[in-house]
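Undergrad: To start, I am sharing the structure in question, which I have written as structure tokens.
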Amino acid sequence: MEEFRYREGVLACEGVPLNELAQVHGTPLYVYSERSIRERFKALDAAYADVPHLICYAMKANDNLAIVRMLGQLGAGVDVVSGGELFRARRAGIPASRIIFAGVGKTRGEIAQAIEEDILLFNVESPAELVAIGEVASEKRRVARVSVRVNPNVDPQTHPYISTGLKKNKFGVPTEQVVDVYRQALDHPYLEPVGIQMHIGSQLVRVQPIVDAVSRVIELVQELRVVGIPIRYFDIGGGLGIRYRDEQPEGPADLACRVLPLIGSLGVTLLCEPGRFIVGSSGILLTKVLYRKDNGAKRFVVVDAGMNDLIRPSLYDAHHEIWPVQQKCGEEVVDVVGPICESGDFLAHDRVLPPVAAGDLLAVLSAGAYGFAMASNYNARPKPAEVLVAGNAARLVRRRETYEDLIRAEEGL
Ligand code: LLP
């Protein structure tokens with residue numbers, strides 16, 4: 001969280017104090033550092049500089065148009081998982097030639113949309129999906145480029161909900177079926193197999209499982225070349241972890257120095273799909289203390305951000321550091337909870353914080369990835385605003401939703 005630091009006792013994002021942002025834009029509020037996003041992207045780009053590569057930002061992590069646009073301007077492509085993301089990516093100015101499409105449940109409508117846009121390629125997750133892409137491509141008389149997502153059956157050693165590369169997970173094609181799926185693609189007049197893909201899970205703090213999976217996929221590439229299927233794109237997925245508590249995650253340089261020697265000689269373009277690594281620690285959720293409450297057994301700090309704004313603690317029992325915006329001394333143990341009518345609505349359990357009072361501001365750290373992107377309107381709560389900071393300037397990049405926004409899709413029916 002290099003770009004979130006105390007300056008004269010007040011937490012700031014780059015050069016902008018967070019209390020000023022709260023005053024102007026209200027809370028809850030997502031705040032992102034442009035410099036942090038840029039630097040994280042550049043670290044990835046530098047790590048793969050020795051080989052032809054394209055970084056396809058996994059925009060599911062944070063699909064704000066301003067952030068996607070900025071990454072596009074730095075040369076990024078994107079990894080989309082729905083027609084909606086494809087729509088957003090195009091609106092953010094990402095050229096179709098830099099868009100790849102993942103996901104186990106692409107609808108025919110979404111496939112048609114992507115073929116019309118002429119995206120770089122589809123990552124295919126099953127033989128049945130390949131058939132569907134082939135049919136839609138034939139109808140449109142347009143060739144669809146495909147990669148097969150391999151399920152390498154490697155344990156990524158992360159939370160079970162975000163582990164994707166094991167046989168028991170719904171993702172990818174098992175290695176023993178991969179060659180057949182490529183043959184099927186090769187025989188189809190409107191399908192062009194061009195690449196191979198893997199993604200084994202998210203928030204990986206060690207790169208070894210990715211390296212193991214890459215080794216398995218390389219064996220497949222060699223097998224495919226023998227049977228006349230050229231592989232031009234090798235996609236190693238996303239998954240690099242960030243620091244939420246005290247992790248010391250390995251980063252892109254660690255991954256590149258292990259993986260590039262393995263795939264360097266294949267003559268492929270390297271693709272990767274990082275999401276969390278780029279935006280996770282580049283954003284915080286700013287929230288205000290509404291009440292303190294002591295029920296004898298526990299001390300609660302009730303804040304104005306709930307599980308609808310940031311669901312990661314409730315859903316994955318995820319840890320997010322919480323810092324008071326105004327630096328304070330002292331310690332107490334509290335539960336930081338939101339206003340939603342569920343006991344699962346918490347941001348932290350049994351957390352040591354300096355004593356805070358109603359009206360104080362708190363920053364929930366490392367909330368830039370899968371924060372706003374997973375926000376909902378549960379309890380009819382308007383979604384928070386989002387601000388992008390660059391140096392001493394802050395720009396509103398999504399306005400706070402209004403009550404009218406909440407009912408817009410139900411009116412005039
Ligand atoms: N590629 C594919 C095919 C994916 O499924 C994902 C994430 C990514 C790339 C990006 O992974 P990343 O670099 O961000 O780790 N909501 C969860 C994370 C879900 C990840 C889903 N797939 C969380 O808040 O931890």
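The values are calculated or read from the model by the stated rules, or taken from the named source; none is laboratory data. The shown structure was predicted, so the numbers you read here are calculated from the model rather than taken from an experiment. Heads up, the Cβs are rebuilt from the backbone with ideal geometry, glycines too, and the neighbour counts pull from every protein chain shown. Side chains included, ligands, DNA and RNA excluded: accessible areas come from the protein's heavy atoms. Shrake-Rupley method; radii C 1.70, N 1.55, O 1.52, S 1.80 Å.
Undergrad: Kindly sort SER97, SER33 by accessible area of their heavy atoms, largest first, with the probe set to 1.4 Å.
TA: SER97, SER33
Undergrad: I've got another one for you. Given 25 °C and 0.890 mPa s, how large is the Stokes-Einstein diffusion coefficient of the chain in µm²/s, with Rh as the Kirkwood radius over Cα pairs?
TA: D, rounded to a whole number, is 109 µm²/s.
Undergrad: Before rounding to the nearest 500, sum -39500 (n - 2.57) across all DSSP H runs of length at least 4 in the chain and divide by the residue total; then give [θ] at 222 nm in deg cm²/dmol.
TA: The helix-only estimate for the chain comes to -8500 deg cm²/dmol at 222 nm.
Undergrad: Can you pull the percent of Cα pairs in region 1-120 with separation above 22 Å?
TA: Tail of the P(r) past 22 Å holds 46 percent of the pairs.
Undergrad: For region 78-169, what is the accessible area per residue in Å², given a 1.4 Å probe and the full set of protein chains?
TA: So region 78-169 comes to 41 Å² accessible per residue, rounded to a whole number.
Undergrad: For region 279-413, what is the accessible area per residue in Å², given a 1.4 Å probe and the full set of protein chains?
TA: Heavy-atom accessible area per residue stands at 46 Å².
Undergrad: Right, something else. Based on the alpha-carbon set only, what is the convex hull volume of region 34-278 divided per residue, in Å³?
TA: So the per-residue Cα hull volume is 110 Å³.
Undergrad: Which percent of the accessible heavy-atom area of region 34-278 goes to carbon and sulfur, probe 1.4 angstrom?
TA: 48
Undergrad: Which lysines, on any chain, are close to LYS170 with Cα under 26 Å apart, when same-chain ones fewer than 8 places away are left out?
TA: Output for LYS170: LYS60, LYS106.
Undergrad: What does a probe at TYR291 reach in region 326-346, counting residues whose amide N is under 20 Å from the point 7 Å along Cα→Cβ?
TA: Correct set: 333-346.
Undergrad: If you build a Gaussian network model of the chain, linking Cα atoms that sit under 10 Å apart, which residue out of THR175, THR402, THR269 swings the most?
TA: THR402
Undergrad: On alpha-carbon atoms, Rg over Rh for region 319-413 using Kirkwood Rh?
TA: 1.02
Undergrad: Computed over the Cα atoms, what is the radius of gyration of region 218-349 divided by 2.2 N^0.38 Å, N being its residue count?
TA: Scaled against compact globular proteins, the figure is 1.59.
Undergrad: Tell me, what is the FRET efficiency for GLU176 and VAL211 to the nearest 0.05, using R0 = 25 angstrom and their Cβ-Cβ distance as r?
TA: 0.70
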